[in-house]
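Let me begin by presenting the structure, written as structure tokens, before commenting on it.
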Amino acid sequence: MSTPDGDERTQIERDVLGYLHAHEHKELLRLVVVGSVDDGKSTLIGRLLHDTGRIYEDQLSAVKRASAKGATRGAGSEAEVDFSLFTDGLRAEREQGITIDVAYRYFTTARRKFIIADTPGHVQYTRNMATGASTANVAVILIDARQGVVAQTRRHAYIASLLGIPHLVACVNKMDLVAWDEAVFARIAGELSAIAGEMGIPDVTCLPISALRGDQVATRGAHAPWYDGPTLLEHLETVPIDADLNLTALRFPVQYVIRPDLDYRGFAGQLASGVVTVGDEIVALPSGRRTKVTAIDTFEGPIATAFAPMSVTLRLTDEIDVSRGDMLVADVPPTIGTRFDAHLVWMSERALDPARSYVLKHTTRSVRAEIERIAGVVDPETLRLAPAETLSLNDIGQVAIRSHQPLFFDAYRTNRATGAFILIDSLTNDTVAAGMIRGGGDEGGARDVKAQVSASERRARLGQAGAAIAIGGPGALERAYLVERVLFDAGVIAAVVPREAAAVVAAAGLVAISVEAIDGATLDGVAIDGSDDDEATARALLAALDRAGRLGEREPFD
Amino acid sequence: MEPLAAIDSRRLTHLRQLEAESIHILREVAAEFERPVMLYSIGKDSGVMVRLAQKAFAPGPLPFPLLHVDTTWKFRDMYAFRDRFVAENRLELIVHKNQRAIADGVNPFDHGSNKYTQIMKTHALLEALRVHGFDAAFGGARRDEERSRAKERIYSFRDRHGQWDPKHQRPELWNLYNGKVKRGESIRAFPLSNWTELDVWQYTWLEQLPIVPLYLAAPRPVVERDGTLIMVDDERMRLQPGEVPRTEVVRFRTLGCYPLSGAVRSTATTLPEIIQEMLLARHSERQGRLIDHDEEGSMEVKKREGYF
């Protein structure tokens with residue numbers, strides 16, 4: 001039950017070396033799991049750990065004892081294991097019956113090793129979700145099927161997008177309590193896709209599950225014959241994360257200078273992004289000196305090429321002055337400057353004091369910095385910006401920052417490693433804020449215009465939000481162009497695009513139309529009732545776009 | 001071993017990614033603290049941690065010493081392994097013992113595992129950190145070991161009494177660690193936070209790291225006490241009336257003080273066999289550690305007081 005089953009067990013028994021060899025080649029995937037109170041998040045995580053054999057018998061029996069004691073649910077029945085107890089951590093929290101911080105859990109399958117950041121979903125814990133989300137490839141958001149999309153769901157999706165998580169998985173949980181009603185699931189999935197489009201999250205997947213019973217978590221249940229998508233585990237094992245790595249521009253923040261003797265000077269660090277090869281010309285910042293890489297050293301010996309996120313040591317041709325906090329770069333240069341715009345998640349009970357300076361840690365560089373201007377506080381549920389004098393715990397602010405020494409940065413959207421920073425209160429030494437650089441400030445003309453455009457700005461400009469329409473069946477391409485024409489004539493910016501481009505185009509605020517192997521037509525995955533009349537289907541899609549709130553404030557079409 | 005760059009499609013395997021992240025942590029601490037030290041417990045996790053440190057600072061030596069907090073009750077095999085390992089790798093090792101407690105005759109039999117651990121490990125550790133003025137101490141703890149560890153930060157802040165407050169931990173985002181401390185305060189840094197027991201064994205196998213022979217099964221003299229097999233490692237072991245040591249083929253999943261380490265019956269005599277046994281096991285590794293069971297949430301209590 002709690003250890004590897006079936007084939008895996010047999011392989012471990014017969015050929016452990018073969019098993020080990022296979023497991024050497026696993027990838028690492030980090031996910032953050034969020035939900036509102038009582039959405040069943042702890043149960044889902046406990047279920048994942050249990051069903052992938054990560055719970056040992058002594059832990060299981062301890063949890064069974066605690067389940068019987070009814071630590072969280074009053075009188076628990078002895079037969080029913082309270083899966084949420086597997087992930088319940090500290091004593092203080094156990095006493096309160098809630099989790100109040102970020103905890104990390106681990107499980108592994110034949111294909112990937114997973115690290116779960118388990119974060120609470122209370123409104124006041126934006127801080128914790130941001131922490132868990134900062135390193136995640138995938139955000140798993142739980143939605144109670146009985147409640148549907150609530151304000152918290154929008155908040156969670158926004159934080160996921162703010163922290164740059166490329167993949168969103170919405171688990172519509174407690175489907176057993178709505179009798180596995182397909183229509184309930186379809187409605188929630190449609191709403192979620194709309195939210196993701198609005199917030200610019202490129203990849204969204206919705207799953208109908210029951211964490212308590214296990215349906216569609218690690219194994220497929222028998223209750224949703226209408227659902228033919230993957231289980232949560234199948235999805236997590238296969239979601240492509242290769243493209244999430246930024247290998248386009250070399251950024252090598254120097255961490256440490258290794259100098260065992262006078263003949264050796266190596267610059268140790270972890271590639272934040274990009275690729276470096278021996279012989280490459282690089283630029284050292286802030287000096288701006290150009291030089292070449294003569295060697296890439298590792299404990300095992302020199303290598304020819306290194307890529308993010310490897311930790312290596314570089315040697316350079318010239319004796320130039322490079323120390324911790326400097327950055328070696330190539331390809332498209334980063335922005336160099338002391339002024340930039342950023343999002344801040346405020347994490348301290350002491351509010352932001354615009355009159356003070358803070359320690360700003362960005363890559364391996366720590367500088368003093370001030371918040372020059374607070375453009376406002378973002379409401380994560382409406383995405384509206386409200387004017388503010390300060391930022392308080394769990395506020396998400398849009399600010400302009402000035403640092404006392406220059407930083408070498410990219411927009412967070414293009415490079416998570418060189419777009420992220422933290423603020424430290426130099427009196428208390430507490431970490432008070434997490435920052436995501438939106439783009440360069442208005443000094444030296446270095447403003448990074450591309451990085452500034454947010455989904456809400458696009459929406460304001462275009463008067464519409466992005467959406468993805470899929471068309472299938474005989475003559476699909478022809479009908480796709482017909483739909484494009486009808487939408488275009490109605491003032492909607494739409495384009496027929498290849499299927500793989502649809503999500504990107506929709507995230508950019510356009511209505512993407514693509515041909516897929518389906519019957520009829522869908523809007524963000526939800527089937528649209530069409531008819532044999534192609535033009536009627538096109539008009540039905542237009543009406544559906546309007547109902548879904550994608551077309552903003554404009555004259556009714558009818 | 002597979003060269004780092006030979007991995008196809010420019011994507012690191014999970015072990016190489018964990019390795020790169022741990023090396024980053026080791027270098028950050030070495031760069032940002034004045035006087036770091038690495039806790040060395042002689043076990044498999046310490047072995048991995050030392051190898052990662054060698055990788056982080058090659059071709060230079062480790063820029064910090066190792067510290068072994070010695071209760072004097074470790075297995076004899078552990079002391080022998082430690083001295084050979086340190087000599088072969090040219091490592092600087094500080095051994096610290098709570099001399100007053102030793103003079104007072106503190107031992108695991110009379111004082112109970114709880115009190116004994118507090119005096120011989122926690123107090124001794126805090127004393128060593130203070131005497132040497134260490135402001136950062138690496139530990140090999142992993143978040144998968146125990147429930148209260150799951151929330152532990154990679155940089156775990158400790159006040160001037162070495163204490164940990166789980167309610168006032170600094171948020172930790174990306175790989176941007178906050179290393180700011182005031183005089184007298186310190187951090188514990190855990191480079192293996194995201195490693196699991198399987199990762200540690202698999203890495204030990206990949207890198208062909210040496211391990212204490214006690215991890216492998218061999219005939220050893222044991223007594224069974226409350227369902228736990230305790231090895232009679234030297235003449236200080238106090239036998240209870242009627243207890244007669246018998247030889248059994250056993251090994252240890254975790255190593256500590258011999259009177260407090262439970263052995264498991266096993267025939268695994270090679271590393272792959274250990275891994276095989278672990279994968280098929282039905283009990284977690286800390287079950288063999290007697291100090292965790294004293295009371296529910298006991299690890300958390302110890303950590304608040306300054307235990308690793």
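The values are calculated or read from the model by the stated rules, or taken from the named source; none is laboratory data. From a predicted model like this one, the values you see are computed outputs, not experimental measurements. Virtual Cβ from ideal backbone geometry, glycine too; neighbours counted across all protein chains shown. With ligands, DNA and RNA removed, areas are computed over all heavy atoms of the protein, side chains included. Shrake-Rupley method; radii C 1.70, N 1.55, O 1.52, S 1.80 Å.
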Out of (1) surrounded by fewer than 19 Cβ atoms within 10 Å (Cβ to Cβ); (2) of a type in the set (D, E, K, R); (3) touching a Lys or Arg at 6+ places or on another chain (Cβ under 7 Å), what's the single condition that is false for B:Asp70? (1)
Among the residues of segment B:18-31, is any over 21 Å from B:Ile187 (Cα atoms), basic (Lys, Arg), open to solvent by less than 10 Å² (accessible area, probe 1.4 Å) and assigned to a helix (DSSP H, G or I)? no
Subset of segment B:140-153 (residues that are in contact with a strand residue (DSSP E or B) (Cβ under 7 Å, 6 or more places away or on another chain) and open to solvent by less than 10 Å² (accessible area, probe 1.4 Å)): B:Ala150, B:Lys151
Given the criteria in contact (Cβ under 8 Å) with a residue 60 or more places away in the chain and not acidic (Asp, Glu), does A:Gly221 qualify? no
When residues of segment A:495-526 are filtered for being in contact with a helix residue (DSSP H, G or I) (Cβ under 9 Å, 6 or more places away or on another chain) and without any contact (Cβ under 8 Å) to a residue 24 or more places away in the chain, how many remain? 3
Count - residues of segment A:238-259 that are at the interface with another protein chain (Cβ under 10 Å from one of its Cβ atoms), part of a loop (DSSP other than H, G, I, E, B), open to solvent by 10 Å² or more (accessible area, probe 1.4 Å) and more than 27 Å from B:Val29 (Cβ to Cβ): 1
Go through segment A:500-542 and tell me which strands (runs of 3 or more DSSP E), entirely inside it, have 1 or more residues that are within 24 Å of A:Trp226 (Cα to Cα) and open to solvent by 50 Å² or more (accessible area, probe 1.4 Å). A:511-515, A:526-528
For segment A:275-290, state whether one or more residues are within 10 Å of chain B (Cβ to nearest Cβ) and either open to solvent by 60 Å² or more (accessible area, probe 1.4 Å) or assigned to a loop (DSSP other than H, G, I, E, B) (or both). no
Could you tell me which numbered condition B:Gly184 fails, if it satisfies all but one of (1) more than 30 Å from B:Arg16 (Cβ to Cβ); (2) assigned to a helix (DSSP H, G or I); (3) not charged (D, E, K, R)? (2)
Would a scan of segment A:376-386 turn up a residue that is over 24 Å from the mean Cα position of the chain (by Cα) and either under 30 Å from A:Thr153 (Cβ atoms) or among the basic types (Lys, Arg) (or both)? yes
Does any residue of segment B:72-81 turn out to be more than 26 Å from A:Ala103 (Cα to Cα) and among the aliphatic types (A, V, I, L, M)? yes
Please go through segment A:363-376 and give me each residue that is on the phi < 0 side of the Ramachandran plot and either surrounded by fewer than 22 Cβ atoms within 10 Å (Cβ to Cβ) or of a type in the set (Asp, Glu) (or both), ordered by number. A:Ser366, A:Val367, A:Arg368, A:Glu370, A:Glu372, A:Arg373, A:Ile374, A:Ala375
Only residues in segment B:104-120 that are open to solvent by 20 Å² or more (accessible area, probe 1.4 Å) count as the first member; pair them with residues that are charged (D, E, K, R), Cβ under 6 angstrom, at least 6 apart or cross-chain, and list the lot. B:Phe109/B:Arg238; B:Asn114/B:Asp294
Could you tell me which residue of segment B:181-239 is farthest from the other protein chains (Cβ to nearest Cβ), considering only residues that are open to solvent by 10 Å² or more (accessible area, probe 1.4 Å) and of a type in the set (Val, Ile, Thr)? B:Val232
The condition of being among the acidic types (Asp, Glu) and closer than 30 Å to B:Lys167 by Cα holds, among A:Glu319, A:Glu349, only for A:Glu349
Take the conditions under 23 Å from A:Gly53 (Cα atoms), open to solvent by 20 Å² or more (accessible area, probe 1.4 Å) and not polar (S, T, N, Q) and apply them to A:Arg111. Does it pass? yes
Given the conditions (1) open to solvent by 40 Å² or more (accessible area, probe 1.4 Å); (2) of a type in the set (Val, Ile, Thr); (3) over 27 Å from the mean Cα position of the chain (by Cα), every one holds for A:Ile336 apart from (3)
Among the residues of segment A:311-347, how many are within 19 Å of A:Met436 (Cβ to Cβ) and either in contact with an Asp or Glu (Cβ under 6 Å, 6 or more places away or on another chain) or assigned to a strand (DSSP E or B) (or both)? 14
State whether one or more residues within segment B:26-43 are farther than 20 Å from B:Ser156 by Cα and either within 14 Å of another protein chain (Cβ to nearest Cβ) or in contact with a Pro (Cβ under 9 Å, 6 or more places away or on another chain) (or both). no
